[in-house]
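**Student:** Below you'll find the structure I mean.
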């Protein structure tokens with residue numbers, strides 16, 4: 001008798017595990033009533049809690065837009081801070097639904113790690129920051145320097161390649177988080193801090209004397225950063241991808257968080273109508289309702305607004321649009337047509 | 001129950017009644033075996049379920065289980081390299097570098113922790129009030145704060161409070177080197193290195209190639225220690241026969257140091273001093289912050305535990321032993337060395353083995369200060385770059401298990417040599 005109970009419990013638990021597997025990410029998110037977003041451990045401008053403990057930033061904004069699209073509430077997001085070492089296991093093990101944490105899109109990650117990169121929300125490149133008093137004006141003068149670097153990142157590999165190709169030597173000081181890297185760099189334990197230029201700018205903005213530090217002109221790699229989801233749930237990947245495209249297309253078409261209600265009724269541009277759900281029924285094709293994109297844009301603004309509010313040149317981070325301008329403005333942002 | 005009532009059968013097999021299946025549960029002789037087999041069966045079932053689960057999930061994710069990544073190019077650099085390594089070499093090679101770094105840290109840590117621990121353990125029993133209280137403070141502070149915190153504290157102190165290499169520059173530098181030979185900077189300590197003019201080449205042992213020069217030096221040192229042991233044994237024999245112990249201290253010094261000095265002279269050994277070149281010091285040996293933080297943190301922490309083990313071992317020896325030794329006219333130092341410690345060792349060694357194992361396993365905290373041990377290379381960067389968590393963790397577990405079992409085996413051999421011989 002006891003044996004049967006045991007076997008029964010065993011089978012039941014296996015069945016439950018199997019059911020949890022079978023449920024799609026969208027269903028899981030809807031049942032849970034909130035989105036779990038893998039975020040940075042704290043990078044000003046991109047993803048960090050503010051003084052009230054509310055997460056703010058460019059990547060955080062994307063998660064809020066996604067939550068608004070899927071659940072109708074931009075605040076229904078739990079942010080899980082992940083280091084560069086833990087981020088992929090957290091995503092693969094379903095600990096988070098989406099990873100929006102300046103993660104570079106590479107072949108191995110996309111193909112071998114079985115991740116799906118849905119697009120690029122920030123085109124970045126790796127750069128070097130040094131103190132002004134070091135008197136260095138080019139990365140080619142860094143032979144023999146001590147370099148602080150976050151382990152487990154593409155920067156680590158680019159750094160090794162760059163110094164080898166240029167026949168220079170260096171002393172790597174591996175660190176676990178950006179905060180630790182900044183501390184080591186400010187203490188002078190390394191001459192150079194290297195990571196994506198956007199992150200360098202974000203770190204520098206948080207320093208006591210930002211003027212004492214220069215970012216060298218060399219950009220040594222392509223770092224397309226974007227949201228990542230698990231391989232195998234194509235519907236969820238579509239939702240994340242088209243939420244990103246909706247934000248980008250909204251800027252291109254002039255939809256802002258301010259004029260969105262007005263455009264819903266007054267616009268006669270059919271593409272605006274399709275994005276805002278007054279036409280075409282696109283939301284239902286995704287398994288959402290037709291207001292999804294309108295809610296996302298209303299929550300955080302279009303791509304340009306989100307950029308300007310979090311990391312743009314009016315903020316302490318002070319990043320120019322550069323490559324991240326619309327394709328019509330000479331940048332690389334190009335959303336496929338909503339059709 | 002017919003068999004037990006049949007008198008002929010009982011006579012044929014005394015005490016062996018026929019076996020019934022129900023006896024597995026109701027007979028005390030078999031019940032424990034039944035329970036054990038049942039428990040083992042459950043355990044195996046559980047393990048099979050876990051393994052099956054992993055295989056299934058891997059298949060669902062479209063992942064394979066393969067160690068091929070070990071032969072792919074690693075692509076990252078490692079700062080502390082006991083063997084030749086650059087970023088074009090394989091992940092396997094990087095793991096080997098990490099393994100050697102782990103072993104180096106474990107060996108040096110165990111040595112320093114033992115020295116600290118024995119000293120502190122003996123001194124805590126000192127009659128001198130200040131000394132014993134100071135040691136109590138050391139033991140209690142280090143024992144009651146987690147290792148990781150100590151490692152971070154040592155790392156932060158080194159990085160934040162020591163001068164940068166640039167402050168050694170200029171005609172009137174803010175900092176200067178000790179004896180023009182040792183530079184203590186916020187990037188680590190630079191000490192002179194011993195180099196040889198004559199190079200005997202290196203021995204190729206698979207992936208590692210130790211220098212023959214150093215192998216020769218080590219061989220000479222081992223030979224010297226062995227010769228010295230023979231000398232002492234001889235002196236003891238003479239003392240037993242004649243009652244007079246021949247003077248051996250100058251012979252010991254000669255045997256231990258003269259051959260090594262000769263080898264150094266013959267190979268043209270010289271000191272390579274560190275000097276400021278470019279951004280950093282070049283030349284000499286660079287003891288990195290990460291290494292020093294790990295070494296000091298682990299040694300002081302484990303040393304505090306060893307101190308308590310040593311103190312416990314000494315206190316376990318009855319006071320009568322000391323009194324008897326004093327009555328024979330032995331001085332306190334000799335009493336400790338000849339009477340107390342040899343007996344105390346029997347109590348000390350078994351718990352000491354666990355401390356060595358703890359220290360070795362704690363080296364895996366290296367990533368906290370960027371020490372490139374096995375956990376940071378194979379278990380950190382390699383796993384992250386290749387996405388082979390399962391394989392990497394599996395290798396990591398096997399390696400730590402192998403290291404720990406080796407230490408355990410060596411220490412058990414030592415333990416069986418010093419334990420009370422029962423004849």
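**Student:** Given a Förster distance of 22 Å, report the FRET efficiency between residue B:176 and residue A:133 from their Cβ-Cβ distance, rounded to the nearest 0.05.
**Tutor:** Given R0 = 22 Å and the Cβ-Cβ separation, E is 0.60.
**Student:** Calculate the mean, over all residues of peptide B:41-51, of how many other protein chain Cβ atoms lie within 10 angstrom of the residue's Cβ.
**Tutor:** Neighbouring Cβ atoms belonging to other protein chains average 1 per residue here.
**Student:** Follow-up. Using only C-alpha positions, report the orientation-averaged shadow area of the convex hull of region A:196-285, nm², one decimal.
**Tutor:** 9.6
**Student:** So if each residue of separation counts as 0.36 nm, and I subtract the Cα-Cα distance between residue B:397 and residue B:42, what length gain in nm does that give?
**Tutor:** Here the segment from residue B:397 to residue B:42 would lengthen by 125.4 nm.
**Student:** Something else: Please identify, among A:95, A:34, A:133, the residue showing maximal mean-square fluctuation in a Gaussian network model of chain A using a 10 angstrom Cα cutoff.
**Tutor:** Looking only at A:95, A:34, A:133, the largest GNM fluctuation is found for A:133.
**Student:** From the Cα gyration tensor of region B:87-146, with a ≥ b ≥ c the square roots of its eigenvalues, which class applies: rounded if a/c is under 1.5, or else prolate if a/b is larger than b/c, or else oblate? Kindly include the intermediate steps, with their values, before the conclusion.
**Tutor:** Numbers: a/c = 6.59, a/b = 3.38, b/c = 1.95.
Prolate shape, in that a/c is at least 1.5 and a/b is the bigger ratio.
**Student:** Another one. May I have the convex hull volume per residue, in Å³, for the Cα set of region A:126-221?
**Tutor:** With only Cα atoms used, region A:126-221 gives 83 Å³ per residue.
**Student:** A further question follows. Just counting partner chain Cβ atoms within 10 Å, what average do the residues of peptide A:188-197 show around their Cβ?
**Tutor:** The shielding value for this peptide is 4.
**Student:** Let me ask something additional. So if we plug the beta-carbon distance of residue B:23 and residue A:51 into 1/(1 + (r/R0)^6) with R0 = 60 Å, what FRET efficiency do we get, rounded to 0.05?
**Tutor:** Values: r = 74 Å, r/R0 = 1.23.
Taking R0 as 60 Å, the efficiency between residue B:23 and residue A:51 is 0.25.
**Student:** Next question, about the same structure. How many angstrom lie between the C-alpha centres of region B:254-292 and region A:223-262?
**Tutor:** Comparing the Cα centres of region B:254-292 and region A:223-262, I get a distance of 60 Å.
**Student:** Over region B:193-272, calculate the relative contact order: mean separation of alpha carbon pairs under 8 Å at least 6 apart, over the residue count, as a percent.
**Tutor:** For region B:193-272, the relative contact order is 45 percent.
**Student:** Using a Förster distance of 30 angstrom, determine the FRET efficiency expected from the C-beta separation of residue B:131 and residue B:250, and round it to 0.05.
**Tutor:** Approximately 0.40, to the nearest 0.05.
**Student:** Would any residue of region B:353-368 have its amide N under 14 Å from a label point 7 Å out along Cα→Cβ of residue B:148? List them or say none.
**Tutor:** Flagged as within label range: B:362-368.
**Student:** Taking every DSSP beta bridge that has both residues in the protein assembly as shown, what percent is antiparallel when rounded to the nearest 5?
**Tutor:** Just about 70 percent of them are antiparallel.
**Student:** Residue B:52 versus residue B:194, label points 7 Å from Cα toward the beta carbon: distance in nm?
**Tutor:** About 6.1 nm, to one decimal.
**Student:** Equivalent-ellipsoid semi-axes (√(5λ), Cα gyration tensor) for region A:48-189, whole Å, largest first?
**Tutor:** Result for region A:48-189: semi-axes of 33, 19, 13 Å.
**Student:** While we're looking at this one, here's another question. Please report the antiparallel percentage of DSSP beta bridges with both residues in chain A, rounded to the nearest 5.
**Tutor:** 55
**Student:** Report, in cubic angstrom per residue, the convex hull volume of the C-alpha atoms of region A:225-339.
**Tutor:** Working: hull volume 12.9 nm³, N = 115.
It comes to 112 Å³ per residue, whole-number rounded.
**Student:** Rounded to a whole number, what is D in µm²/s for region B:81-220 from Stokes-Einstein with the Kirkwood radius over alpha-carbon pairs (4 °C, 1.567 mPa s)?
**Tutor:** 66
**Student:** Determine how many Å³ per residue the convex hull of the Cα atoms of the protein assembly as shown encloses.
**Tutor:** 265
**Student:** Another one. Just from the alpha-carbon atoms, what are the Rg and Dmax of region B:274-413 in angstroms?
**Tutor:** Using the Cα atoms of region B:274-413, the pair Rg, Dmax is 21.7, 69 Å.
**Student:** Okay, next question. Using only C-alpha atoms and all pairs of different ones, pull out the Kirkwood radius for region B:193-272 in Å with one decimal.
**Tutor:** Taking the inverse mean of 1/r over all distinct Cα pairs, region B:193-272 comes out at 14.7 Å.
**Student:** In region B:170-197, whose amide N lies under 17 Å from the spot 7 Å out along Cα-to-Cβ of residue A:207? List them in ranges.
**Tutor:** Of the residues in region B:170-197, none has backbone N under 17 Å from the label point off residue A:207.
**Student:** Need one number: the % of Cα-Cα pairs in chain A sitting beyond the 38 Å mark.
**Tutor:** 22
**Student:** Of all DSSP beta bridges in region A:126-221, what percent run antiparallel (nearest 5)?
**Tutor:** Just about 50 percent of them are antiparallel.
**Student:** While we're looking at this one, here's another question. Over 29 Å apart: what share of the alpha carbon pairs of region A:164-315 falls there, rounded to a whole percent?
**Tutor:** 42
**Student:** Moving to a separate point now. What ranking, highest mean first, results for peptides B:124-137, B:154-167, B:77-90, A:220-233 when packing means the other Cβ atoms within 10 Å averaged over each residue? Working shown, then result.
**Tutor:** On the way: B:124-137: 12.6, B:154-167: 18.7, B:77-90: 17.1, A:220-233: 20.6.
Taking the mean over residues of other Cβ atoms within 10 Å, the ranking is A:220-233, B:154-167, B:77-90, B:124-137.
**Student:** Here is a further query. Of all the C-alpha pairs in chain B, what % are more than 39 Å from each other?
**Tutor:** Details: 38089 of 89253 pairs.
Value for chain B: 43 percent of Cα pairs lie more than 39 Å apart.
**Student:** Under the Kirkwood approximation applied to all pairs of distinct alpha-carbon atoms, what is the hydrodynamic radius of region B:329-382 in Å?
**Tutor:** 14.1
**Student:** Rank B:348, B:317, B:309 by mean-square fluctuation in a GNM of chain B with C-alpha springs under 10 angstrom and give only the top-ranked residue.
**Tutor:** B:317
**Student:** Name the most mobile residue of B:93, B:346, B:388, meaning the one with the largest mean-square fluctuation, in a Gaussian network model of chain B with Cα contacts below 10 Å.
**Tutor:** Between B:93, B:346, B:388, it is B:346 that shows the largest mean-square fluctuation.
Each reported figure results from applying straightforward, stated rules to the coordinates on display, with no laboratory input. Here the structure is a predicted model, which is why all the values come from computation and not from measurement. Cβ atoms come from the backbone with ideal geometry, glycine included; neighbour counts cover every protein chain shown.
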